[in-house]
Amino acid sequence: MKYLIVLGDGMADEPLERLRGKTPLAAAHTPMLDALARKSEIGTVQTVPNGVPVGSDTANLSILGYPPERYYTGRAPLEALGLGVHMNKNDIVLRANLVTLRTEAAAFSQCVLLDHSANEISTDEAAILMDVIRGEFENSDISFHTGTGYRHLLCWHNGVLPVLAQPHDHLGEPIGAYLPQQPLLRELMYKSHVILDRHPVNQARQARGLHKANGLWFWGAGTPVQLPPFREQTGKRGVMVSATDLLHGIAAGIGLESVPVSGADGSLHTNFTGKAMAAVQALQEGADFAFVHLEAPDEMGHQGDAQRKMQAISSIDQQVIATVFRELDAAGEAFRLLVLPDHATPVRCRTHTRTPVPYLLYDSTRTEQHARQQYNEAQAQYGRYFPTGSALLAHFLQK
Ligand SMILES: [Zn+2]
């Protein structure tokens, strides 16, 4: 038996008036999921428990069988694993987003946080800006590490664990109330804004009608993380297919091999088919378990764009799920396929919510038929409920 998880980040949502009371998942064109739903188990799972922040970090740990209340130390330490950043016991690692600040305000604290991703700046442009940051600020206490797109890291040696706000929770708000308490971090934010705002890369972005990447925003801080190997926990040898440093980090931490896919960038135009084929190939070459993570629905949720969120879900349906199904079916492989989001990112509120998410579990060796069943938030509520991601994973991997 082969086991495959296809995870649409932030895919779950709420009913929208402009979609005639449907959610993006229910309204999107998804012929493959529609067909699979009639032959699958549908239900809901509470991926993130109360008392733990809702994000892809905690939710994906949960789905992979690592209760976040026990294993989670922060988002940045997980990403640091993915970037191969060496951490000492007393280090603090922080996410450093390249963000867009609206700057006409008189004081820095009155700047408005416009965009947590600077229009999803490319890694190439971001790398130029991060080199400037590194040259300007790095010393024996701090180092910067360039990641993917707008997502970078700050390593603070012997630092103190700060309380920080997630940038995607405060879009459109003045930053004053959310600036860190630590003078070092405040100073880095202010000085980097002055330097980045006038950098030629940003002047050129502005000329092209794009948001400037004119600010650093620190969040997701944490201490080094310890995770037992996935194979020890489950007996399965697995691979990870994702474009994000976070998922690569979790994979590195639990011993899943990350399979690189060219053109996979976590965006709406990522190489969906390439990611599907990479998972199929890994399974056919001996892996028992593959986890395919698609970032696009989450980004569209944060942008509040229901149409493009539906487009992302449609691409996952036709380019990822249809591809893995066709290939595994043609190879005569017995497989179980679990489709789910990690958490909801409703376009209404443009941030993550803690509601249970809908899952679809298909088993190629079963012949169950549910003629009217569909995979969406409303119908899933009538199905089985799992109180934790670990419980769903155990159910998925049984037999
Ligand atoms: Zn998100």
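Only the coordinates and a few stated rules stand behind these numbers; no lab work does. Quick caveat, the model's predicted, so the values are computed rather than measured. We place every Cβ from the backbone using ideal geometry, glycine too, and count neighbours over all the protein chains shown.
For this structure, a couple of remarks:
- 10 °C / 1.306 mPa s Stokes-Einstein diffusion coefficient of the range 172-246, Kirkwood radius on C-alpha pairs, µm²/s: 97
- Sorted peptide list for 82-95, 304-317, 242-255, criterion being average Cβ within 10 angstrom, highest first: 242-255, 304-317, 82-95
- Positive-end residue, the chain charge dipole about Cα centroid, Cβ charges, pick of Pro31, His302, Ala278: Pro31
- Lysine pair count for the chain (Cα-Cα distance under 18 Å; residues 8 or more apart in sequence or on different chains): 7.
- Compared with the dominant Cα axis of the chain, that is its longest principal axis, helix 245-254 is turned about 60°.
- The alpha carbon convex hull volume per residue for the range 86-222 rounds to 99 Å³.
- Relative contact order (percent, whole number), the chain, Cα cutoff 8 Å, 6+ residue spacing: 33
- Residue-normalised convex hull volume from the C-alpha trace of the chain: 133 Å³ per residue.
- Of the peptides 337-346, 149-158, the order by per-residue mean of other Cβ atoms within 10 Å, starting with the highest, comes out as 337-346, 149-158.
- Applying a DSSP loop filter and a limit of 10 other Cβ atoms within 10 Å to the GluC sites (Glu not before Pro) in the range 43-105 leaves Glu104.
- Highest to lowest packing among 34-44, 184-194, scored as the average C-beta count within 10 Å: 34-44, 184-194
- Taking θ as phi - 60° and the Karplus parameters 6.51, -1.76 and 1.60, the scalar couplings of the range 202-212 work out to 6, 4, 5, 4, 4, 5, 8, x, 9, 5, 5 Hz in sequence order, x denoting glycine and proline.
- Placing unit charges on each Cβ (+1 for Lys and Arg, -1 for Asp and Glu) gives the chain a dipole about its Cα centre, and among Gly383, Ala59, Phe396 the Cα reaching farthest toward its positive end belongs to Gly383.
- Using alpha-carbon coordinates, inclination of helix 123-137 to the longest axis of the chain, degrees: 40
- Crossing angle, helix 272-284 versus the chain [Cα axis fit, 0-90 degrees, rounded to tens]: 60
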